[in-house]
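What follows is a single structure, written as structure tokens, with notes after it.
The values are calculated or read from the model by the stated rules, or taken from the named source; none is laboratory data. The model shown is predicted, which means the values in this text are computed figures rather than measured ones. Methodologically, a virtual Cβ is constructed for each residue, glycine included, from the backbone with ideal geometry; neighbour enumeration extends over all protein chains shown. Ligands, DNA and RNA are excluded from the accessible area calculation, which covers all protein heavy atoms including side chains. Shrake-Rupley method; radii C 1.70, N 1.55, O 1.52, S 1.80 Å.
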Amino acid sequence: MTGAPGRRPRGERGGGRGGAAPPARRWSGTARPPLGVEPGSAGAAVHMGAGAGSGAGAGGVAGALGAAVAALYTVTLPPALPGGDAGELITAAYELGVAHPPGYPLFTLLAKVATGLLPIGSPAYRVNLLCGLLGAAAASLLFYTVFRLSGSYAGGILAAGVFSFSRLTWQWSIAAEVFSLNNLFVGLLMALTAHFEEASTAKERSKISKFGAFCCGLSLCNQHTIVLYVACIVPWVLSRLFRKTELSLGHLLKLGLCFLAGLLPYLYLPASSYLNRARWTWGDQTTFQGFLTHFLREEYGTFNLAKSETGSSMREMLFFQLAQMKSELSLPVLILALVACVSTALLPKMQKSSVTWLFGGMFCLYSLFFAWRANLDITKPLFLGVVERFWLQSSAVVAVLAGLGLATLTSVGSAMLEGSRLLPWLEWSSALALVVSQVWANYSACDQSNNYVVDKFARNLLSSMPMGAVILLRGDLPGNGLRYVHYCEGMRPDVTLVDQEMMTYEWYLPKLAKHLPGVYFPGNRWNPVEGVLPDGTLAFNLHRFLKVNKHKEVFVCIGLHEGDSTWRRSYSLWPWGTCEKLVPSDVVFDPGEWIHLTRNLYNWTEDYGSFKPSSWEAVANEEMWQARMKTAFFIFDLAETASVTAEMKSQLYTFAYTLYKEIVNSHPNHPVNWHKNYAIACERMLRLHRVDVDPETLLSETVKHFLLYTEKAEDDPQRQDILQAVKHLKKELQGLRKMKEDLRQGAG
């Protein structure tokens, strides 16, 4: 009998009547029955290997599949800096510093090797490429897992393909982030679990369990969420060894040592911190307490995603995750995963059922725990974009279960329809169709080969600064972006970058002040209340910092820490594009000169609203578009609040109105709040009764842009008040036009 496409034919079971019977065959790693089918049945012929050759064939398919994924990932790689944590992770690797908690030592070391050895592109491109290759390796391991458990090539290709080419996996596998390495470890642990289940000898199980223990420890040197999978796999392996009477005290000790060996990359953290050569690093790991603080993510909250954030409910988080899986993996894939779980429950004696239960338990534990502890409001697009990346870990398990479900359906169908060639064809066609549909649906959205948005954002900000400026950074977008182009690509070495939030940590200035030449710090820590703190630390506030650095031009980007308002004693914030400049209060503001200085700070050509709201590109684009309006808004606010003469107030309103008008008319597609700001500016000009501006034009523009605003900003709590004001303005406009008509008729 001939096997299904891509499988080797079933071996003969015995000789002729007069011949000697062949030795009994054991069902091991290279020759095994499918899920739910007894050896010797017709179904076994479909998914059965034939000796060692099938294992070699599976390795070839896994390699070819990984190469195909790597090829697609490579042609869609972003050529420059992506958003998120990429800038900080690349900078930490480039400088051999320590990344944000828990440190990611394994990723840092791999990225350092990539930036040093890969001969093409910028440091960002090299780390992007590294992550793409890691993601491709994860795809091969997912294929291997399904094939080892089911013997199904099609099921393995389905699992690897639908996961690797889902939008979310693709997006985060080609960016310099830790998620593709985590996907690799998820695939590796599941593949080792499958291999362990199939091991036929105690020696083989011992070898796999030791290597698996090492990989469990090594996986924790990257993303700590994988500890939930480790917490499921370790007891399962130990229980299997115990039931087979293979778990001695000596073997348990060896497993513990292998696990600890996997954690050895964490020695990099105190080594880097002790040497203190990196111009950017996070934390002080030279003490045991400092190491634990970093390792346990205490600065974020050990079991939380973010510090001091109130998140969505657990129910809402699970609902969003289910909707995301349906969108990312497709409904048929979820149904196939459910088939694998249901068939395991209905057929408790089914081959490999314990592994399926294990994978199902891993998925449930991870999903429930993460929904409980993910303290971010996912109704906000940016926070949803942060959270959904962590669902990749559960989606990988769902993809594997879907591959097993496809193999189960084919096996059961083959047992019922013995000799049918239709089922293998349906199996392959459905697997390939689902994978191809993923590529078709997501290629254009995931093609980042021309994405320079975050990189251009950082370069525009840095190039706009005057010589020798000090930039007080705040937030991931400007902080990570500017650090990367400044330290890794050597842009603007005359500028000094100081992180506002980091200055409030006790380790920041003792570690990094020596790498910030020309900037004076009147203490060891930034605190609104200056003086000696209870722990003996000498603290300073922002007013003191500015006073001792008055020889420097100081800018804040983006915004100032709300906890310290001491700068207001002798400084003002003037707009400088996306940033602001701290200017001594005795400096007189010249609106005309400031408009001239800030008019063409940036060369920004991205269309407004052209990026997904949850992306960092959308955040960067929004900041750049709003920067165009900041000087006009600042001048208008001065006219509203400053204690100046009526003549000066009129001049300020006129400057603001003229600038608003120029900006709004130059950009037909712009942020919705521009309509409101421009309408208010027109209304203020109308009340000035200036003879050089037509009141009818001002009224018409006010009504027009207020209405445009209310059409687009339906969630504004002032919407009804604005509409009520528009009614009065329309009556005023009608009265003005009637008066003009009467005057014309009277003159005629």
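Go through E204, E197 for me and flag whichever is surrounded by fewer than 24 Cβ atoms within 10 Å (Cβ to Cβ), of a type in the set (D, E), over 30 Å from V454 (Cβ atoms) and in contact with a helix residue (DSSP H, G or I) (Cβ under 6 Å, 6 or more places away or on another chain).
E197
Scan the stretch 718-748 for residues that are open to solvent by 60 Å² or more (accessible area, probe 1.4 Å), at pLDDT below 85 and not charged (D, E, K, R) and jot them down.
M739, L743, Q745, G746, A747, G748
For the subset of the stretch 297-312 comprising residues that are in contact with a helix residue (DSSP H, G or I) (Cβ under 9 Å, 6 or more places away or on another chain) and closer than 22 Å to P510 by Cα, which member is modelled with the highest pLDDT?
This residue is R297.
Could you list, in sequence order, all residues of the stretch 115-124 that are open to solvent by 10 Å² or more (accessible area, probe 1.4 Å) and in a helix (DSSP H, G or I)?
Once the filter is applied, which keeps residues that are open to solvent by 10 Å² or more (accessible area, probe 1.4 Å) and in a helix (DSSP H, G or I), the stretch 115-124 yields T115, G116, L117, P123.
Which of the numbered conditions does I378 fail, given that it passes all the others? Conditions: (1) at pLDDT below 95; (2) buried (at least 20 other Cβ atoms within 10 Å of the Cβ); (3) under 30 Å from the mean Cα position of the chain (by Cα); (4) part of a helix (DSSP H, G or I).
Answer for I378: the failing condition is (4).
For the stretch 430-460, give me the residue count where each residue is in contact with a Leu (Cβ under 6 Å, 6 or more places away or on another chain) and either closer than 30 Å to L573 by Cβ or not in a helix (DSSP H, G or I) (or both).
Residues in the stretch 430-460 being in contact with a Leu (Cβ under 6 Å, 6 or more places away or on another chain) and either closer than 30 Å to L573 by Cβ or not in a helix (DSSP H, G or I) (or both): 3 in total.
Would it be correct to say that A191 is touching a residue at least 24 places away in the same chain (Cβ under 8 Å), assigned to a loop (DSSP other than H, G, I, E, B), within 28 Å of the chain's Cα centre (by Cα) and surrounded by 21 or more Cβ atoms within 10 Å (Cβ to Cβ)?
no
I'd like to verify a number: residues in the stretch 145-174 that are open to solvent by 10 Å² or more (accessible area, probe 1.4 Å) and under 30 Å from S615 (Cα atoms), how many?
5
Failed condition for N621, given (1) under 30 Å from N442 (Cβ atoms); (2) of a type outside the set (A, V, I, L, M); (3) at pLDDT below 95; (4) out of contact with any Leu (no Cβ under 8 Å at 6 or more places or on another chain), with all others met?
For N621, the failing item is (3).
Would you confirm whether or not the stretch 88-105 contains a residue that is closer than 14 Å to V485 by Cα, open to solvent by less than 10 Å² (accessible area, probe 1.4 Å), among the β-branched types (V, I, T) and touching a residue at least 12 places away in the same chain (Cβ under 8 Å)?
Yes, some residue in the stretch 88-105 is closer than 14 Å to V485 by Cα, open to solvent by less than 10 Å² (accessible area, probe 1.4 Å), among the β-branched types (V, I, T) and touching a residue at least 12 places away in the same chain (Cβ under 8 Å).
Within the set of pairs 6 or more residues apart or between chains, which connect a residue that is closer than 28 Å to S152 by Cβ inside the stretch 194-219 to a residue that is open to solvent by 50 Å² or more (accessible area, probe 1.4 Å) and of a type in the set (F, W, Y) with Cβ atoms less than 9 Å apart?
A194/Y144; H195/Y144; E198/W27; S200/W27; C216/F259
Is there any pair with a first residue in the stretch 466-489 that is without any contact (Cβ under 8 Å) to a residue 60 or more places away in the chain and a second that is in a loop (DSSP other than H, G, I, E, B) and of a type in the set (V, I, T) whose Cβ atoms are under 9 Å apart and which are 6 or more apart or on different chains, and what are they?
M467/V495; H486/V495
Which one is nearest to the chain's Cα centre (by Cα) among residues in the stretch 698-717 that are modelled with pLDDT under 90 and open to solvent by 30 Å² or more (accessible area, probe 1.4 Å)?
Looking at residues that are modelled with pLDDT under 90 and open to solvent by 30 Å² or more (accessible area, probe 1.4 Å), I get D715.
Within the bounds of the stretch 507-520, is there any residue that is at positive phi and outside any strand (DSSP E or B)?
Looking for residues that are at positive phi and outside any strand (DSSP E or B), one finds at least one in the stretch 507-520, hence yes.
Please tell me if H561 is more than 30 Å from L376 (Cα to Cα), open to solvent by 40 Å² or more (accessible area, probe 1.4 Å) and assigned to a loop (DSSP other than H, G, I, E, B).
Taking the combined requirement at face value, the residue does not satisfy it.
Looking only at residues in the stretch 359-369 that are open to solvent by less than 20 Å² (accessible area, probe 1.4 Å) and of a type outside the set (S, T, N, Q), which one is nearest to the chain's Cα centre (by Cα)?
Y366
So, of the residues in the stretch 271-294 that are among the aromatic types (F, W, Y) and farther than 11 Å from W507 by Cα, which turns out to be most open to solvent (accessible area, probe 1.4 Å)?
Only one residue fits best here, namely Y274.
Identify all residues within the stretch 445-472 that are under 20 Å from N621 (Cα atoms) and either touching a Cys at 6+ places or on another chain (Cβ under 6 Å) or of a type in the set (G, A, S) (or both); write none if there are none.
Across the stretch 445-472, the qualifying residues are A445, S449, A458, S463, S464.
Restricting attention to the stretch 521-551, which residues are more than 24 Å from Q285 (Cβ to Cβ), in a loop (DSSP other than H, G, I, E, B) and of a type in the set (D, E, K, R)?
Residues satisfying the conditions are E530, K550.
Is it fair to say S209 is in a helix (DSSP H, G or I), closer than 27 Å to F359 by Cβ and open to solvent by 30 Å² or more (accessible area, probe 1.4 Å)?
No: the conditions fail for S209.
Out of the residues in the stretch 681-696 that are modelled with pLDDT of 85 or more and not hydrophobic (A, V, I, L, M, F, W, C), state the one that is most open to solvent (accessible area, probe 1.4 Å).
R687
Just to be sure I understand the filter: pairs with C-beta atoms under 9 Å, separated by 6 or more residues or on different chains, first member in the stretch 662-675 and open to solvent by 70 Å² or more (accessible area, probe 1.4 Å), second member in a loop (DSSP other than H, G, I, E, B). Which pairs pass?
From residues that are open to solvent by 70 Å² or more (accessible area, probe 1.4 Å), the pairs are N669/D607; N669/Y608; N669/G609.
Identify, please: which residue in the stretch 339-353 is assigned to a helix (DSSP H, G or I) and surrounded by fewer than 15 Cβ atoms within 10 Å (Cβ to Cβ) and is, among those, modelled with the highest pLDDT?
Of everything passing the filter in the stretch 339-353, V342 is modelled with the highest pLDDT.
Hey, any hits in the stretch 573-583 for a residue that's without any contact (Cβ under 8 Å) to a residue 24 or more places away in the chain, of a type outside the set (A, V, I, L, M, F, W, C) and surrounded by 11 or more Cβ atoms within 10 Å (Cβ to Cβ)?
Within the stretch 573-583 (the criterion being without any contact (Cβ under 8 Å) to a residue 24 or more places away in the chain, of a type outside the set (A, V, I, L, M, F, W, C) and surrounded by 11 or more Cβ atoms within 10 Å (Cβ to Cβ)), the answer is no, since none of the residues qualifies.
For the stretch 418-435, which residues satisfy the criterion of being open to solvent by 40 Å² or more (accessible area, probe 1.4 Å) and more than 16 Å from L331 (Cβ to Cβ)?
Those that are open to solvent by 40 Å² or more (accessible area, probe 1.4 Å) and more than 16 Å from L331 (Cβ to Cβ): E418, G419, S420, R421, L422, W425, L426, W428, S429, L432.
Any residue that is under 19 Å from L149 (Cβ atoms) and open to solvent by 40 Å² or more (accessible area, probe 1.4 Å) - is there at least one of those in the stretch 219-236?
Taking every residue of the stretch 219-236 in turn, none turns out to be under 19 Å from L149 (Cβ atoms) and open to solvent by 40 Å² or more (accessible area, probe 1.4 Å).
Can you name every residue in the stretch 521-542 that is touching a His at 6+ places or on another chain (Cβ under 9 Å) and closer than 24 Å to V98 by Cα?
Within the stretch 521-542, W526 is the sole residue that qualifies.
Can L409 be described as open to solvent by 10 Å² or more (accessible area, probe 1.4 Å) and either at pLDDT 85 or above or more than 21 Å from L347 (Cα to Cα) (or both)?
yes
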